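Colleague: Here you go, one structure.
The values are calculated or read from the model by the stated rules, or taken from the named source; none is laboratory data. Since we're looking at a predicted model, the values are computed, not measured. Glycine gets a Cβ as well: all are built from the backbone with ideal geometry, and neighbour counts include every protein chain shown. Just so you know, the surface numbers come from the protein's heavy atoms only, side chains and all, with ligands and any DNA or RNA stripped out. Shrake-Rupley method; radii C 1.70, N 1.55, O 1.52, S 1.80 Å.
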Amino acid sequence: MADFDFDHWRRLAEQDPESYFRARHGAIERFIGAHSPAEAQRLRSLQAHIDCARAAAGTPVHALLAVSRMIETNLIALCEQGAALREATRRLDTIVTQLQGVERIR
């Protein structure tokens, strides 16, 4: 992303939307193609979901809001899964400590 030129993409979108969408598709495909086949499949599915949300939104602002909601929903789920994993790890640590105490007694 360090070499991403926002102004170039903005100008292309304004001046030649057809070229913009072709270039956008190419950039997305290059990104996806740089991943393993399994990961690429997951990324293509995600991109299809994003594209559907953008198309259904009707306007760029509504598309931004729809994609932002998708991101928020996934971040909340990730946070909840992280909390559940931390709790499971805490319980496992407790069990391991108890088992170590039992082994010392023997």
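Colleague: Given the options Thr97, Gly33, Leu46, identify the residue whose Cα lies farthest towards the positive end of the charge dipole of region 14-106 (+1 on Cβ of Lys, Arg; -1 on Cβ of Asp, Glu).
Modeller: Thr97
Colleague: Now for a separate question. Carbon and sulfur together cover what percent of the accessible area of the chain at a 1.4 Å probe radius?
Modeller: 62 percent
Colleague: Could you bin all the Cα-Cα distances of the chain into 10 Å bins starting at 0 and give me the percent of pairs in each, rounded to whole numbers?
Modeller: 12, 24, 28, 13, 10, 8, 4, 1
Colleague: Quote to one decimal, in nm, the extra length available between Gln47 and Phe4 on full extension: 0.36 nm per residue of separation minus the C-alpha distance between them.
Modeller: Once the chain is fully extended between Gln47 and Phe4, it gains 13.6 nm.
Colleague: Just the accessible area for Phe4, please: 1.4 Å probe, Å², rounded to the nearest 10?
Modeller: Rounded to the nearest 10, that gives 100 Å².
Colleague: Additional query: Using a 1.4 angstrom probe, figure out how much accessible area the chain has per residue, in square angstrom, rounded to the nearest whole.
Modeller: Spelled out: the 1.4 Å probe surface of the chain, per residue, equals 82 Å².
Colleague: Output wanted: per-residue J couplings in Hz (rounded whole) for region 72-82, from phi through Karplus 6.51 cos²θ - 1.76 cosθ + 1.60, θ = phi - 60°, x for Gly and Pro.
Modeller: Residue by residue, region 72-82 yields 4, 4, 5, 5, 4, 4, 5, 4, 5, 5, x Hz.
Colleague: So how do Arg86, Arg10 rank on accessible area, 1.4 Å probe, biggest first, that is with the largest at the start?
Modeller: Accessible-area ranking of Arg86, Arg10, largest first: Arg86, Arg10.
Colleague: How big is the charge dipole of region 1-50 about its Cα centre, in debye rounded to the nearest 20, if each Lys and Arg gets +1 on its Cβ and each Asp and Glu gets -1 on its Cβ?
Modeller: In total the dipole reaches around 220 debye.
Colleague: Another one. Would you tell me the accessible area of His62, worked out with a 1.4 angstrom probe on the heavy atoms of the protein chains, in Å² to the nearest 10?
Modeller: 100 Å²
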